Amino acid sequence: MRGSDGQGVSGGGEGGNVFRCRPQGTGCTRYATGFWNPFALTFFAGTHLISIDDHPEVRPPNRLLDLIEGADFGFKYKYGRAADHPFVAWKGELPGTLSMINGVGEGVTGVVTGATAALPPDYGDAVIVASWSDRRIETHHLRPHGASLKGKMSILVQGQRVSPRRIGCRSRRQRVFHRLGHASL
């Protein structure tokens, strides 16, 4: 990957990566590595960059992650697509790899922070995750755990007619919206 200033980042064999650059596209750097399929970035409490990572087919769960600069979350593509290789970590079980905050539902489609949404104050310490395969919207109340976070999951809404395809907030202190698949609530 190369930024507009010509500065590049290369690699080989690591898992998926999250990169950082300035708004002009300069200063491109690898922020964290070891993902299967990272997506849906959001900031929590102003300092924690949160992401969801999809899992390889044989290694659930999907992961809610606190992205720490320079972190390795354990997936290494150079060992193949199977996540059950002995040199691949999914829960921080190998030296030099970090664990997840929490497992999240199957088929996750997004994450927002409770503090940015127009939700009651008791959601200020939470992130909200949409899971279309499990037909639910989850809340993960987060708390400090060393330099990172841990959380407790609860289900905000779930049902046969719930199939959230996207979740987000238009701007700070706005209502959470979600796009439903085949049916509405």
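Each reported figure results from applying straightforward, stated rules to the coordinates on display, with no laboratory input. Model, not experiment: these values are computed from the prediction. All Cβ positions, even for glycine, are placed from backbone atoms using ideal geometry, and neighbour counts span all protein chains on display.
Given contacts defined as C-alpha pairs under 8 Å and at least six residues apart, what's the relative contact order of the chain, whole-number percent?
Details: 463 pairs, mean separation 26.0, N = 185.
So the answer I get is 14 percent.
Applying 0.36 nm per residue to the separation of Lys152 and Ala82 and subtracting their alpha-carbon distance, the gain on full extension is 22.4 nm. Under 18 Å of direct C-alpha separation, and excluding same-chain neighbours fewer than eight residues apart, Lys150 reaches these lysines: Lys91.
For Asn37 and Asp122, the FRET efficiency from 1/(1 + (r/R0)^6), where r spans their Cβ atoms and R0 equals 25 Å, is about 0.20. For the range 6-47, the relative contact order comes to 37 percent (Cα pairs under 8 Å, sequence separation of at least 6). Counting only aspartates and glutamates at least 8 places from Lys76 when in the same chain, those with an alpha carbon closer than 20 Å to its own are Glu14, Asp53, Asp54, Glu57, Asp66, Asp84, Glu93.
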